[in-house]
1. State which residue pairs qualify: first residue in contact (Cβ under 8 Å) with a residue 12 or more places away in the chain and over 10 Å from V123 (Cα atoms) and inside the stretch 3-23, second residue among the aromatic types (F, W, Y) and assigned to a strand (DSSP E or B) in any location, beta carbons under 9 Å apart, and separation of 6 or more residues or different chains.
2. Check I40, I87 and return the single one that is in a strand (DSSP E or B) and either without any contact (Cβ under 8 Å) to a residue 24 or more places away in the chain or within 24 Å of V4 (Cα to Cα) (or both).
3. Looking at this structure, is K112 modelled with pLDDT of 95 or more, basic (K, R) and surrounded by fewer than 19 Cβ atoms within 10 Å (Cβ to Cβ)?
4. Which is under 16 Å from the mean Cα position of the chain (by Cα), touching a residue at least 12 places away in the same chain (Cβ under 8 Å) and open to solvent by 60 Å² or more (accessible area, probe 1.4 Å), of Q132, Q54?
5. Within the stretch 1-34, which residues are part of a helix (DSSP H, G or I) and of a type in the set (V, I, T)?
6. Within the stretch 90-118, work out how many residues are in contact with a Lys or Arg (Cβ under 9 Å, 6 or more places away or on another chain), farther than 14 Å from C61 by Cβ and part of a loop (DSSP other than H, G, I, E, B).
7. Take the stretch 20-48 and flag every residue that is closer than 16 Å to Y133 by Cα and either touching a strand residue (DSSP E or B) at 6+ places or on another chain (Cβ under 8 Å) or among the aromatic types (F, W, Y) (or both).
8. For the subset of the stretch 58-102 comprising residues that are exposed (fewer than 12 other Cβ atoms within 10 Å of the Cβ) and acidic (D, E), which member is nearest to the chain's Cα centre (by Cα)?
Amino acid sequence: MKKVLMVDHSKCTGCRLCEVVCSVKKNGAVNPTRARIAVIKWETICVETPMLCQQCESAPCMAVCPVKALARDEGIGRVTIDYDLCIGCRFCVAACPFGAMGVDSLARKVIKCDLCDGDPTCVKFCETKALQYVDASTANITKMREAAGKLSELLRKSAA
């Protein structure tokens, strides 16, 4: 069964531990600017939420790569980077609609979430369970329940 990395934005406290553990896992040092996940803060509405690669089925990053350095790993359902092919043009960074492709300025290469080969470290350390690695069908059911709850709340408000 295909798994997806799901974010429950309402549970994120903005602790940024996911950035820390990702940077340690991938680079051996605490440097959140080199992490494959980024917690984005919207101060005007007091919301912080992790943003990461959505592993798109029809990935824009793959479509624009002139040397086909990005490919889908069907086993895990992720998009991978072949650094032997990558020429560093950064077209993939510009094409990503989520801003999930990044640039590691120290290593001088593009980076993105690779789901830690099917065992995401960020999920293990997320104390609030804002990050979860679940079966795709479970993620769909969860999203349907959330949408139904929001619709129910709207209907109650409009009836009042």
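The values are calculated or read from the model by the stated rules, or taken from the named source; none is laboratory data. Quantities reported herein were computed from a predicted structural model and do not represent experimental measurements. Positions of Cβ are generated from backbone atoms using ideal geometry, with glycine treated the same way; all protein chains shown enter the neighbour counts. With ligands, DNA and RNA removed, areas are computed over all heavy atoms of the protein, side chains included. Shrake-Rupley method; radii C 1.70, N 1.55, O 1.52, S 1.80 Å.
1. Every condition considered, the pairs that remain are K3/Y133; V4/Y133.
2. I40
3. No, not satisfied.
4. Numbers: Q132 fails: open to solvent by 60 Å² or more (accessible area, probe 1.4 Å).
Just one listed residue meets the conditions, Q54.
5. V20, V21, V24, T33
6. So the answer is 3.
7. Within the stretch 20-48, R36, I37 meet the criteria.
8. E74
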